[in-house]
Amino acid sequence: MRRVLITGGGSGIGRAIAHRFADLGDAVTICGRRMEPLEETRGDRNITCRSADVTDDASVQALFDKPYDVVIANAGAGEAARLTDTTLEMWDRTLAVTLTGVFLTFREARRGMQPGGRLIAIASTASLQGGPMIPAYAAAKHGVLGLVRSIALDVAKKGITCNAICPGFTDTDMAETAITGLMERYDTDRDQATAMVVSGNPMGRLIAPEEVAATALFLSSKGAASINGHALSVSGGEV
Ligand SMILES: NC(=O)c1ccc[n+]([C@@H]2O[C@H](COP(=O)([O-])OP(=O)(O)OC[C@H]3O[C@@H](n4cnc5c(N)ncnc54)[C@H](OP(=O)(O)O)[C@@H]3O)[C@@H](O)[C@H]2O)c1
């Protein structure tokens, strides 16, 4: 039984990952700032819920009162705005959760991690390509890849791997926010806004959170022991 920590496990991709690992019998801990969604994710599964803010050093340190075998830095957030509409507060907010949060999580995870350990960042296709409406988010997600590749080289001889998963638009609250934002911005209906969101994916659909969870499961398997410092795109061939 592996000990698995998932940040931002109360919703969306984090929730799907938590369910996937818990259903296999792993000891899953999830964290987020709000307890209610964490408890909803837990339901009647054997999942431990911890309140934590990944932007806060002490809060992250407190999470690691025990070592984990698999740590999935999933918490992240972004706001759509062109460069000239991006305030310093938006920039700082985005980098704090999406980049600094991964740094704090992996730094503490690494301290107690044993051979066989797995560090997995839920990055994004925005780690591999920019977008006119996401300068802060794309910068943070590109930063996540730099962090992952550096950690991968640091842990390579320790039997630990560090990788990133890069999903395209995935069917979660984050995609819903993007769809409603487009409806407002272009005064259009849901179908058209959804079509705009999925147009970047050659498959023409949203990624299912369970598909990202399946990828995390693979990267945490013994068979993936030689995959290190990799950015695995789960995007239907978008990038
Ligand atoms: N959905 C997509 O289209 C998509 C595509 C590519 C990559 N991603 C990435 O996938 C990850 C998960 O996103 P999602 O789509 O599942 O969105 P989501 O449903 O909004 O989930 C984000 C989770 O992160 C938690 N969180 C936010 N700020 C936090 C903080 N400071 N400390 C701790 N937890 C925090 C939230 O819980 P609390 O608010 O309770 O803290 C929430 O449970 C993110 O890194 C996102 O960038 C998403």
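The values are calculated or read from the model by the stated rules, or taken from the named source; none is laboratory data. Note that this is a predicted model, so its numbers are computed, not measured. Note that each Cβ is placed from the backbone with ideal geometry, even for glycine, and that neighbours are counted across all protein chains shown. To get the accessible areas, we keep the full protein, side chains included, count just its heavy atoms, and leave off ligands, DNA and RNA. Shrake-Rupley method; radii C 1.70, N 1.55, O 1.52, S 1.80 Å.
So the values come out like this:
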{"item": "Residues whose placed amide H lies under 5 Å from that of A121, excluding near-sequence neighbours", "result": "A73, N163, A164, I165"}
{"item": "Sulfur and carbon atoms: percent of accessible area, the chain [1.4 Å]", "result": "52 percent"}
{"item": "Per residue accessible area of the chain, 1.4 Å probe, in Å²", "result": "47 Å²"}
{"item": "Radius of gyration, Dmax [the chain; alpha carbons; angstrom]", "result": "17.1, 54"}
{"item": "Area accessible to solvent at K66, 1.4 Å probe radius, in Å²", "result": "80 Å²"}
{"item": "Relative contact order, percent, the stretch 86-239 [alpha-carbon distance under 8 Å, six or more residues apart]", "result": "28 percent"}
{"item": "Gaussian network model of the chain, springs between alpha carbon atoms under 10 Å - residue of A216, A109, A96 with greatest fluctuation", "result": "A96"}
{"item": "Total formal charge among the other residues, if their Cβ is under 12 angstrom from that of R107, Lys/Arg +1 and Asp/Glu -1", "result": "-1"}
{"item": "Span-rule helices in the chain, defined as complete DSSP H runs reaching 15 Å or more along the axis (Cα) with Kyte mean at least 0.5", "result": "135-155, 209-219"}
{"item": "By average C-beta atoms within 10 angstrom, highest first, the peptides 32-41, 198-207, 138-147", "result": "138-147, 32-41, 198-207"}
{"item": "Value of relative contact order over the stretch 45-131, rounded to a whole percent, pairs C-alpha under 8 Å and six or more apart", "result": "41 percent"}
{"item": "Estimated FRET transfer efficiency (A156, V239; beta-carbon r; R0 25 Å; 0.05)", "result": "0.45"}
{"item": "Net charge over other residues, Cβ less than 11 angstrom from the Cβ of R34 (K, R count +1; D, E count -1)", "result": "-3"}
{"item": "13 Å beta-carbon shell around A214, net charge (K/R +1, D/E -1)", "result": "-2"}
